[in-house]
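Asks: Once you've had a glance at the structure underneath, I'll fire off some questions.
We did not get these values from a lab; they are worked out from the coordinates using the rules stated. Just so it is clear, the model here is predicted, and its values are computed rather than measured. Methodologically, a virtual Cβ is constructed for each residue, glycine included, from the backbone with ideal geometry; neighbour enumeration extends over all protein chains shown.
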Amino acid sequence: MKVKENLRLIGISMLFVCGLTACDKPGPAETAGKKIDQTAGEASKKIGEATDEIGKKLGKQGEK
């Protein structure tokens, strides 16, 4: 009985270890997601810079 229990625990442990190593490499969806996140971050930064420039120009127009 103990032998079966030990073998089962060893098998479960091996599946767990194999599962962890399989998650090591990013898949195509994860890679695409990272690229989308980077692009969105860059776009957000550019929009922020453009908004600042517009604010400065509007402030100068208001002073005139």
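Asks: How many nm separate the modelled label positions at residue 47 and residue 63, each set 7 Å beyond the Cα in the direction of the Cβ?
Replies: Inter-label distance under the simple model: 2.9 nm.
Asks: Helix-derived [θ] at 222 nm for the chain: sum -39500 (n - 2.57) over DSSP H runs of at least 4, divide by residue count, nearest 500?
Replies: Working: 2 runs with 57 residues, N = 64.
Rounded to the nearest 500, it is -32000 deg cm²/dmol.
Asks: Which of these, 41, 27, 11, has the largest mean-square fluctuation under a Gaussian network model of the chain (Cα springs below 10 Å)?
Replies: Result for the chain, Cα springs under 10 Å: 11 fluctuates most.
Asks: Identify which of the listed values of Cα extents along the principal axes in Å was calculated from the structure shown: [x] 39, 23, 17; [y] 91, 21, 10; [z] 35, 20, 18.
Replies: Read-out taken from this structure: [y].
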